[in-house]
1. So which pairs qualify, if the first residue must be in segment 105-121 and touching a residue at least 12 places away in the same chain (Cβ under 8 Å), the second must be of a type in the set (Phe, Trp, Tyr) and not in a helix (DSSP H, G or I), the Cβ gap must be under 8 Å, and the two must be at least 6 apart or on different chains?
2. If only one of LEU485, LEU526, LEU456 is among the hydrophobic types (A, V, I, L, M, F, W, C), over 26 Å from ASP549 (Cβ atoms) and within 44 Å of the chain's Cα centre (by Cα), which one is it?
3. Mind listing just one residue for me: the one in segment 387-444 that is in contact with a strand residue (DSSP E or B) (Cβ under 9 Å, 6 or more places away or on another chain), farther than 27 Å from ASP461 by Cα and surrounded by fewer than 18 Cβ atoms within 10 Å (Cβ to Cβ) and, of those, modelled with the lowest pLDDT?
4. Just one of (1) assigned to a helix (DSSP H, G or I); (2) over 19 Å from the mean Cα position of the chain (by Cα) trips up ASP439, so point out which.
5. Could you tell me whether ALA330 is touching a Gly at 6+ places or on another chain (Cβ under 6 Å), in a helix (DSSP H, G or I) and over 27 Å from VAL114 (Cβ atoms)?
6. State whether the residues of segment 499-509 include one that is buried (at least 18 other Cβ atoms within 10 Å of the Cβ) and touching a Phe, Trp or Tyr at 6+ places or on another chain (Cβ under 9 Å).
7. Can you pull out the residues in segment 522-548 that are loosely packed, with under 13 Cβ neighbours inside 10 Å and either touching a residue at least 24 places away in the same chain (Cβ under 8 Å) or assigned to a helix (DSSP H, G or I) (or both)?
8. When segment 150-183 is examined, which residues are found to be within 22 Å of LEU87 (Cβ to Cβ) and in contact with a Gly (Cβ under 8 Å, 6 or more places away or on another chain)?
Amino acid sequence: MNIPMPALAWLRTYDRTWLQGDLVAGITLAAYLLPAGLGDASLANLPPEAGLYACLFGGLVFWLFCSSRHTAITVTSAISLLVGASLGGIAGGDSARFGALAAGTALLVALIAVVAWLAKAGAIVNFISESVMVGFKCGVALFLASTQLPKLIGIHGAHGNFWENSGSFLKHLGELNPTSLAIGSVALTVLVLGKFFLKHQPVALFVVVGGIVASGLLGLEARGVKLLGEVPQGLPTLALPALHWADLNELLPLAIACFLLAAVETAAIGRTFTAKYGGRLDANQEFLALAAANLAAGLGRAFPVSGGMSQSLVNEGAGAKTPLSGAIAAGIILVVVLFFSHLLAALPQPVLAAIVLVAVTGLFQLSNLQKLRHTNRTEYIVAVSAFVGVLSLGLLKGVLIGAIISLVLLIRRASRPHVAFLGRIAGSRRFSDRERHPDNELIPGVLIFRPESSLLYFNMDHVRDTIADRVRAEVPPPKLVVLDLSAAAYVDMHSAHMLAGLAGELTTAGIRVQAVEARSAVRDRLRHEGVEVKLGGINRLTSVADAVDAFQKATPT
């Protein structure tokens, strides 16, 4: 059983037989992270070394704090695109400032993650619903295609939203470079075939090496094919990025969006492996690991990092037993950065574009959109809103629009809880919802209601109106209204007084009110607010059946 544990707790029980699996997994993972780092740096409009630094520095510390044994920290396409699309206007065309802003964003993500860890806000990952993520990822996939297809065929690309990029692509399609198209098509074909026939193998690394070799042998640069360019050898100086306080206000929305995406994806990865191996994911511990990784990435002149689903699956599939495999992968990247990064300069841009395109094909989940359309129209609207928002307004606004709509629908749903109208199950003393079980027996002269949520200031109007409308519609009027509070975990002050007001109106109309089966915290609240008497007194031993029995005994037949 793989039970997530606090940071480094797994070291105390480390079995030496696991080392071989961690070593093989670390080597395999590094082979995946190297091209991912280069490709996602391109998406973020940053130099290639920024992607390598992100995987390197993030990987060197993430394993020290994470609780999930298989999660791999990396740059991701969604966050990279978000960074690249959001910082251009702020940087004003200054590449050095752009890099500083990207590093500053990583540091802000680290700060937000620390605050979330201290507040034990693990539930925050649920605020971006899966329906939002489905729409967001579909939009990201199409936006990505609009940015990478020009590089694949060697033409000028635009830097706007999806529609602007697509229009520019069609406008300049006749200017394509045949050599770029050929190299990109070959790389794309090999990568696609590799996804089907060589799953969990470092095909992307093979394509990178093949592209570099082909560049030298065929003289691709002389044929008009753009190359990656110089990648600095060695490590950067760890330091805070050169930013002003005013920059932090502009970066905060982006940092929040990056944190939410990172938190959601990292938690989803952890839940995936928890479901497979057992145990429970500690989302708060993952916040601390994300904080450490992004702090290291920010100080190392990189950009925000997150748990990567495909990389984590590769890590697990290669035999990883503990987070040590991530540290081994980071060590291999360190060797590449120190001694071999100059070899990457000859990598053709069409090859890099092909790697990026294939890496994120899993983001376009059209089948999930179609499934939502048939199963839940509300969630389908949320997903489509995020999808259209990403394509039309950009990544940051797209995900925020989807999240806001999701929260609005959540609040609306919470403000209109179901109020069950109960009837007695034949031959028993139990009562259940007549909407689901129409054959349940009605009790003459008695109406029984069960609000199926906590009673709060924003939903109490709905609960009160539902009960009052049903009572008014009853002919003849009931003599007793029973309020079953067993499903109400909490009642606030406002709702307590509204219950008392409802009871007062019914009592004035000659209808007795009896509240039953309230939880201890609810009984305490009703007593504290002085409304217990108006609700017929609160006795923890009185059930719905007891209240009905007492009424029938007191009522002449």
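1. Listed by first residue and then by second, the contacts come to THR105/PHE303; ALA106/PHE303.
2. Numbers: LEU485 fails: over 26 Å from ASP549 (Cβ atoms); LEU526 fails: over 26 Å from ASP549 (Cβ atoms).
LEU456 is the lone residue from the list that is among the hydrophobic types (A, V, I, L, M, F, W, C), over 26 Å from ASP549 (Cβ atoms) and within 44 Å of the chain's Cα centre (by Cα).
3. This residue is ALA426.
4. Failing condition for ASP439: (1).
5. Working: touching a Gly at 6+ places or on another chain (Cβ under 6 Å): yes; in a helix (DSSP H, G or I): yes; over 27 Å from VAL114 (Cβ atoms): no.
It is false that ALA330 is touching a Gly at 6+ places or on another chain (Cβ under 6 Å), in a helix (DSSP H, G or I) and over 27 Å from VAL114 (Cβ atoms).
6. Of the residues in segment 499-509, the ones buried (at least 18 other Cβ atoms within 10 Å of the Cβ) are 499-500, 502-503, 506.
Those still in the list that are touching a Phe, Trp or Tyr at 6+ places or on another chain (Cβ under 9 Å) too: none.
No.
7. HIS528, VAL533
8. PRO150, LYS151, ALA158, HIS159, ASN161, PHE162, ASN165, SER168
The values are calculated or read from the model by the stated rules, or taken from the named source; none is laboratory data. Given the structure is predicted, the values throughout are model-derived calculations rather than measurements. When we count neighbours, we look across all protein chains shown, and the Cβ atoms used for this are built from the backbone with ideal geometry, even at glycine.
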